[in-house]
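> Shown below is the structure under consideration.
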Amino acid sequence: MQFKSLFALLSISYVLSSCISVNVKDNKVSSNFSETKKPKNIILLIGDGMGLSQVSAAIYYKNGKPNFERFTTIGLSKTSSSSDLVTDSAAGATVFSAGVKTYNGAIGVDNDTIPVETIVEKLSKEGFATGIISTSSIVHATPASFYAHVKRRSYYEEIATFAPNSGVDFFAGGGIKFFEKRKDGRNLLNEMKEKGYSVFTENLPTKPSLGKEIILMAEDGMPKMSEGRGNFLTDATKLALEKLSKNENGFFLMVEGSQIDWGGHANDADYLIEELLDFDKTIGAALDFAEENGETLVLVTADHETGGFTLAADGSDYNKLKSTFSTPGHSGTMVPVFARGPGENYFNGIYENTAIYHKMKMLLDK
């Protein structure tokens, strides 16, 4: 009896160990993190205000297959801040950049307004190349949370003062007035040049500069897609990837589709959907790069959902969709997390939004 029991136990152990080794090889499940293939680079795309209904809009309104459908790993993120059940973009982005729950309005600081090192700052010190792209101004809540530390998101001019010494290799978005037309008289674009940045305010360059660069294409936020913004978000992302991928140590790039949120706040379905489809196109560019590169993890998520957006049947006509909103503000619903590339298996499941930072940090730790 003892021999039979021992044999059975050894047989089970062998089967389990065989299953684990196969799963590690397939990069699906790992019993030991050190055995999982790690990415060299991470592209984090944030669809501000993008919930599941917003993602669904890409399925119904895009001509062709949306890039969201190219992902095979999908999780859900809980979005509450430390101060409120419903987060704002500042606290919602600070969890991605610094890994801490904080109060609504906080930019790169904790509950006690103490600055917390961001993933961009950490990686820059370790020799990674870093980039920040947004269709808002680069001092707006989401991009600001990756390089600045202020008590209130509305301190735009103070946020801008962090840019020259941020270590960020590539900035692209709007916000010229916060750098040039300031109450204190400082010209931060000149200061950026003194720090080795190439400055562009007229056109998006076709080739990356040799050194750091800042591209500001609007006085404040970028124009809407309906106002002729064109392919800025996709082209800026491609330009950043061409530049940052030259760094042998790896890179981290954050790309924000800011105005999905603005369409939600306005309860304007056409605005929201146009911005969402532009964001989906940019996701496609990131995935194309990652598939060719082979060492890049692409993550797509949101800080929160905006508008209580719903795609409902139009009355009794179940073949016609009607876009509706339940609020001009944010909602507390969970948001999706899409992952593709080395380490993607760590983004399955339901978890707090802070986990996204800690998973990224764990994967990039050398």
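Nothing in this text is a laboratory measurement; each read-out follows from the coordinates by a stated rule. All figures in this text were calculated on a predicted structure; none of them were measured in a lab. Counting neighbours? That spans all protein chains shown, and the Cβs are built from the backbone with ideal geometry, glycine included.
> Hey, got the dipole for the range 88-209? About the Cα centre, +1 on K and R Cβ, -1 on D and E Cβ, debye to the nearest 20?
Values: 14 positive and 14 negative charges, 46 e Å.
In total the dipole reaches around 220 debye.
> While we're looking at this one, here's another question. Quick check: from the Cα gyration tensor, does the range 42-364 come out rounded (a/c under 1.5), prolate or oblate? Spell out each step's value before the answer.
Numbers: a/c = 1.38, a/b = 1.34, b/c = 1.03.
Cα axes put the range 42-364 in the rounded bin.
> Give me the dipole magnitude in Debye, nearest 20, for the chain about the Cα centre, with unit charges on the beta carbon: positive for Lys and Arg, negative for Asp and Glu.
Working: 37 positive and 45 negative charges, 185 e Å.
It works out to roughly 880 debye.
> Further question: Given axes a ≥ b ≥ c from the Cα gyration tensor, I'd like to know whether the range 28-133 is rounded (a/c under 1.5), prolate (a/b larger than b/c) or oblate. Intermediate results must be reported in sequence, preceding the final value.
Numbers: a/c = 1.80, a/b = 1.18, b/c = 1.53.
Cα axes put the range 28-133 in the oblate bin.
> Cβ neighbours within 10 Å, averaged per peptide: list 311-317, 39-45, 168-174 in order, most packed at the top. Mind showing how you got there, number by number?
Details: 311-317: 10.9, 39-45: 24.4, 168-174: 26.0.
Averaged packing, sorted descending, gives the order 168-174, 39-45, 311-317.
> Also, quick follow-up: By the scheme Lys and Arg +1, Asp and Glu -1, what is the net charge of all other residues having a beta-carbon under 12 Å from that of residue 62?
Details: positive: 65, 281; negative: 69, 274, 278, 280.
With Lys, Arg at +1 and Asp, Glu at -1, the net is -2.
> Calculated from DSSP H runs of 4 or more alone, at -39500 (n - 2.57) each and per residue, what is the 222 nm mean residue ellipticity of the chain, nearest 500? Can you show the working numbers first?
Details: 12 runs with 127 residues, N = 366.
The helix contribution divided over the chain gives -10500 deg cm²/dmol.
> Continuing with this model, one more query. Can you tell which of 216, 145, 236 lies farthest toward the positive end of the dipole of the range 140-239, using +1 and -1 charges on the Cβ of basic and acidic side chains (Lys, Arg; Asp, Glu)?
145
> If you average the sequence gap of Cα pairs under 8 Å that are 6 or more apart and divide by the length of the range 250-366, what percent do you get for the contact order?
Across the range 250-366, relative contact order equals 24 percent.
> Could you work out the relative contact order of the chain, using alpha carbon pairs under 8 angstrom and six or more residues apart, expressed as a whole percent? Kindly include the intermediate steps, with their values, before the conclusion.
Details: 816 pairs, mean separation 102.1, N = 366.
Once divided by the residue count of the chain, the mean separation gives 28 percent.
> Set Lys and Arg Cβ to +1 and Asp and Glu Cβ to -1, take the dipole of the chain about its Cα centre, and tell me which of 56, 360, 301 lies farthest positive.
360
> By how many degrees, 0 to 90 and rounded to 10, does the Cα axis of helix 89-98 deviate from the longest principal axis of the chain?
60 degrees
> Whose amide H sits under 5 Å from the amide H of residue 161, counting only residues 5 or more places off or on another chain, with H placed in the peptide plane?
Residues meeting the criterion, in which the H sits 1.01 Å from N, do not exist here.
> Follow-up question, since we're still on this one. Explain nothing, just compute: Karplus ³J(HN,Hα) = 6.51 cos²θ - 1.76 cosθ + 1.60, θ = phi - 60°, for every residue of the range 112-129 in order, whole Hz, x for Gly and Pro.
Couplings: 9, 6, 8, x, 10, 4, 8, 4, 5, 5, 4, 5, 4, 5, 8, x, 6, 7 Hz.
> If you take every DSSP beta bridge whose two residues both sit in the chain, what share of them, in percent to the nearest 5, is antiparallel?
On the way: 17 of 50 bridges.
Restricted to the chain, the bridges split so that about 35 percent are antiparallel.
> With θ set to phi - 60° and the Karplus curve 6.51 cos²θ - 1.76 cosθ + 1.60, what are the ³J(HN,Hα) couplings of the range 148-164 in order, to the nearest whole Hz, using x for Gly and Pro?
In residue order, the calculated couplings are 10, 9, 9, 6, 9, 5, 7, 7, 4, 5, 5, 4, 4, 5, 7, 4, x Hz.
> Classify the range 132-291 from the C-alpha gyration tensor, please: rounded if a/c falls under 1.5, else prolate or oblate depending on whether a/b exceeds b/c. It would help to have the intermediate numbers written out before the result.
Values: a/c = 1.71, a/b = 1.12, b/c = 1.53.
Oblate is the answer for the range 132-291, as a/c is 1.5 or above yet b/c matches or exceeds a/b.
> Let me ask something else about it. By per-residue mean of other Cβ atoms within 10 Å, what is the highest-first order of 197-204, 350-357? Could you put the intermediate results ahead of the total?
Values: 197-204: 14.4, 350-357: 18.5.
Order by mean packing, descending: 350-357, 197-204.
> Also, I was wondering about something else. What residues have an amide H closer than 5 Å to that of residue 212, excluding those fewer than 5 places away on the same chain, when H is modeled at 1.01 Å from N in the peptide plane?
Amide H neighbours of residue 212, under 5 Å, 5+ apart: 198.
> Between residue 242 and residue 313, how high is the FRET efficiency from 1/(1 + (r/R0)^6) when r is the Cβ-Cβ distance and R₀ = 51 Å? Nearest 0.05. Kindly include the intermediate steps, with their values, before the conclusion.
Numbers: r = 45 Å, r/R0 = 0.87.
Taking R0 as 51 Å, the efficiency between residue 242 and residue 313 is 0.70.
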